[in-house]
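Chemist: Take this structure, written in structure tokens, and hold onto it; I'll ask about it next.
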Amino acid sequence: MRIYYEKHLKKIASDLRKDSTCSEKKLWQYLKGNQLGFRFIRQKPVGKYIVDFYCKEKKLAIELDGLSHIHEEVLEKDRIKEQYLYNIGIQTIRFTDKEVDEHLDNILLTIKEYLHSPLERG
């Protein structure tokens, strides 16, 4: 399945990769280089959105939520984005920055379980 995206997002995604949050940098250390057995891409444009991490093989988006995600308007945008991704066959897993800082082992376990699950999701 080819993922289409709005072309202007390519530059924005590139800028986001250069200016990653601390949590994104921390998690990326474990996702890059197929360390979990699957290839991930950082800041991947998908449709009119950019996802923090994307595994094409498993159609999995991983999103990290900072402090701004406690506001209702941001939560609503997250719900719309997640529904869009679901509608095109991409499952989303969300973690907070705090979870990355305090429970990275649990996050990695959750991701591994998803990646190695024989069940089709979506």
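Chemist: Once you place label points 7 Å from the Cα toward the Cβ at residue 80 and residue 12, how far apart are they in nm?
Modeler: Each label point is offset 7 Å from its Cα along the Cβ direction, giving 1.2 nm.
Chemist: List the residues, sorted by chain then number, that are 5 or more residues from residue 40 or on another chain and whose placed amide H is less than 5 Å from its amide H.
Modeler: 33, 34
Chemist: Under a point-charge model restricted to the Cβ atoms of Lys and Arg (+1) and Asp and Glu (-1), what is the dipole moment magnitude of the chain relative to its Cα centre, in debye to the nearest 20?
Modeler: Details: 23 positive and 20 negative charges, 176 e Å.
Dipole about the Cα centre, nearest 20: 840 debye.
Chemist: Under the rule that an exposed site lies in a DSSP loop and has at most 13 other Cβ atoms within 10 Å, name the longest stretch of the chain with no trypsin sites (Lys or Arg not before Pro) of that kind, not counting the sites themselves. Display every interim value, and only then the final one.
Modeler: On the way: sites that count: 2, 7, 48, 121.
Counting at most 13 other Cβ atoms within 10 Å as exposed, the longest clean stretch of the chain is 49-120.
Chemist: Does the stretch 21-115 come out rounded, prolate or oblate by the C-alpha gyration tensor, with a ≥ b ≥ c the root eigenvalues, rounded set by a/c under 1.5 and, if not, prolate when a/b is larger than b/c and oblate if not? Working shown, then result.
Modeler: On the way: a/c = 1.79, a/b = 1.14, b/c = 1.57.
Since a/c reaches 1.5 but b/c is at least a/b, the shape of the stretch 21-115 is classed as oblate.
A short reminder: the numbers here are calculations on the coordinates, not readings from a lab. The shown structure was predicted, so the numbers you read here are calculated from the model rather than taken from an experiment. Glycine also receives a Cβ, built like all others from the backbone with ideal geometry; neighbour counts cover every protein chain displayed.
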